[in-house]
1. Could you check region 339-359 and list, in sequence order, the residues that are over 21 Å from residue 413 (Cβ atoms) and surrounded by fewer than 20 Cβ atoms within 10 Å (Cβ to Cβ)?
2. Just checking, which of 260, 322, 308, 299 is more than 36 Å from the chain's Cα centre (by Cα) and under 24 Å from residue 411 (Cβ atoms)?
3. State all residues of region 72-98 that are within 53 Å of the chain's Cα centre (by Cα) and not in a loop (DSSP other than H, G, I, E, B); if no residue qualifies, say none.
4. Yes or no: residue 176 touching a residue at least 12 places away in the same chain (Cβ under 8 Å), small (Gly, Ala, Ser) and assigned to a helix (DSSP H, G or I)?
5. Only one of these conditions is not met by residue 206: (1) part of a loop (DSSP other than H, G, I, E, B); (2) in contact with a Ser or Thr (Cβ under 7 Å, 6 or more places away or on another chain); (3) closer than 24 Å to residue 431 by Cα. Which number is it?
6. Taking region 7-48 as the region of interest, how many residues are in contact (Cβ under 8 Å) with a residue 40 or more places away in the chain and within 14 Å of the chain's Cα centre (by Cα)?
7. Among the listed residues 336, 323, which satisfies the condition of being assigned by TED's automatic domain parsing to the domain that holds residue 428, over 23 Å from residue 406 (Cβ atoms) and touching a residue at least 40 places away in the same chain (Cβ under 8 Å)?
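The values are calculated or read from the model by the stated rules, or taken from the named source; none is laboratory data. Quantities reported herein were computed from a predicted structural model and do not represent experimental measurements. Ideal geometry is used to build each Cβ from the backbone, glycine not excepted, and the neighbour counts take in all protein chains shown.
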Amino acid sequence: MNLLSCLWLLWRNWPLIAGSLALSVVTALALTAGTPPTYAASISMLVSTSNQEGGTITAYQAALLSQQRMQSYANLLTSRRVIQAIAEGEDVDRLRENVEAEAVPDTVLLRATVTDGDPHRAARLANSLGRAFAELIDKLEHPAQPSEGAKVSVSVVDQAQVPSAPIAPRLSINLALGVLVGLTLIGGAIIVKDQLDTTIRTPQALKQATAVPVLGEIGYEHSARRHPLIAERNSPSSRVEAFNTLRTNLQFMNTEHKPRSLVITSCLSGEGVSLVCSNLAIVLAEAGLRVTLVDGDLRRPSIAEYLRIGDGPGLTDVLTGRAEVSAVLRQRDVSAGRLSVLPSGPLPANPSVLLGSQRMRLLIDELVDACDIVLIDTPPLLPVTDAATLAASCDGVLLVARCGRSHRQDMARALDLLSSVGAHLVGTVLNFAPDRRGDALGYASRSPVEPGLTVGPL
């Protein structure tokens with residue numbers, strides 16, 4: 001995952017990140033408000049050594065003696081014996097947890113810090129600790145019958161003052177930690193979710209999953225629900241340009257034999273195959289081609305509804321011998337070419353048998369001879385075998401994937417199914433992709449022909 005992918009991932013999940021930050025801030029504020037304040041009072045003590053003999057060497061030895069005892073005195077400051085002298089009836093072990101002592105490096109100073117919820121009590125305990133410790137050292141270092149040599153004593157040099165502000169909780173630190181933890185958790189969750197997500201969201205991912213060119217990327221538009229056909233639009237849009245790009249890429253494919261009969265299908269239902277098929281037929285006809293659009297979905301047909309040609313006899317009647325193909329073909333007016341539509345007709349009880357029959361293969365050949373290209377709308381590949389059956393009788397297959405819904409494993413199963421019947425996958429279409437609008441004139445933001453495609457006649 002490169003930097004650009006990470007930035008796009010963050011941008012795509014910005015509402016989740018914003019919500020996580022807001023929750024982190026609220027949590028930090030709640031914890032800060034619910035945490036009782038803690039105050040710290042510190043006292044500094046000097047460890048000094050006195051001697052009877054004097055002299056440079058003796059003074060050096062006395063100073064060295066003081067430094068050697070510093071760590072022992074720091075540990076002694078938090079001993080039960082010293083803490084018990086200032087406990088004031090409290091639990092000694094609990095009070096010991098609130099006392100810290102350290103020897104200041106390279107000095108003969110000791111620093112003791114007492115924390116408490118009451119600032120006055122913290123200062124009082126710290127000063128009591130200094131007096132108690134000085135008395136204890138005086139008893140330990142100056143017995144009743146003192147011996148000759150250096151004597152160590154402890155004196156308070158800085159009395160503890162009543163603290164004016166608590167050391168905890170600190171709102172700024174809590175907010176910073178809350179934001180950091182929130183961003184870390186949500187960032188990790190987004191990355192893990194993205195790595196585990198097998199849905200196809202980009203043309204690059206679709207091409208990687210199928211190993212064939214992505215011939216079109218159809219953007220999502222809210223107005224497509226009211227106006228599903230691009231012929232109903234009076235002004236250019238990114239959706240119109242996307243279908244023009246699909247037409248161009250299909251016309252100028254770098255293949256030896258251009259497909260004259262094309263099955264358009266998907267892995268699962270709800271991926272917009274019928275819309276892609278209808279609009280592709282319109283733009284091909286607008287380019288001056290003779291196009292025949294066949295509704296091969298004999299389970300849930302929708303071509304007649306989209307093109308508003310009404311109910312009536314169709315493909316089922318032709319395959320069962322009840323009607324001739326010339327009698328059921330419907331003509332739709334286009335600006336330049338000719339668009340003939342063969343609706344599904346009545347729903348049969350055995351769609352797969354009809355679509356895989358010899359009569360269907362002969363019908364495809366008849367339609368191909370009468371026009372430039374035949375587009376066949378079919379059910380999804382994985383639930384039923386209709387599309388695979390038709391794919392074996394046609395020149396190529398155009399596979400439609402829905403952005404954010406189609407999965408890589410479904411694509412792999414579809415490819416295996418097409419390969420098993422000897423079908424030729426000419427390319428894919430990414431449908432319902434995030435709309436990347438062009439300029440005000442409706443120019444698309446990318447080249448109409450993908451790398452690897454060369455110009456040639458249909």
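1. So in region 339-359, the residues over 21 Å from residue 413 (Cβ atoms) come out as 339-350, 353-354, 357-359.
The answer is 346, 347, 348, 349, 350, 353, 357, 358, 359.
2. Details: 260 fails: under 24 Å from residue 411 (Cβ atoms); 322 fails: under 24 Å from residue 411 (Cβ atoms); 308 fails: under 24 Å from residue 411 (Cβ atoms).
Within the list 260, 322, 308, 299, the selection yields 299.
3. Kept after step one, since they are within 53 Å of the chain's Cα centre (by Cα), are these residues of region 72-98: 74-75, 78, 91-98.
Those that are within 53 Å of the chain's Cα centre (by Cα) and not in a loop (DSSP other than H, G, I, E, B): 74, 75, 92, 93, 94, 95, 96.
4. Working: touching a residue at least 12 places away in the same chain (Cβ under 8 Å): no; small (Gly, Ala, Ser): yes; assigned to a helix (DSSP H, G or I): yes.
Taking the combined requirement at face value, the residue does not satisfy it.
5. (1)
6. Taking region 7-48 as the starting set, the residues that turn out to be in contact (Cβ under 8 Å) with a residue 40 or more places away in the chain are 9-10, 13, 16-17, 20-21, 23-25, 27-29, 31-32, 35-48.
Pick out the ones that are also within 14 Å of the chain's Cα centre (by Cα) and you get 9-10, 13, 16-17, 20.
The total comes to 6.
7. Details: 323 fails: touching a residue at least 40 places away in the same chain (Cβ under 8 Å).
Exactly one of 336, 323 is assigned by TED's automatic domain parsing to the domain that holds residue 428, over 23 Å from residue 406 (Cβ atoms) and touching a residue at least 40 places away in the same chain (Cβ under 8 Å), namely 336.
Every residue, every condition in (1) buried (at least 18 other Cβ atoms within 10 Å of the Cβ); (2) without any contact (Cβ under 8 Å) to a residue 60 or more places away in the chain, yes or no:
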residue	(1), (2)
266	yes, no
269	no, no
273	yes, no
276	yes, no
281	yes, no
284	yes, no
291	yes, no
298	yes, no
316	yes, yes
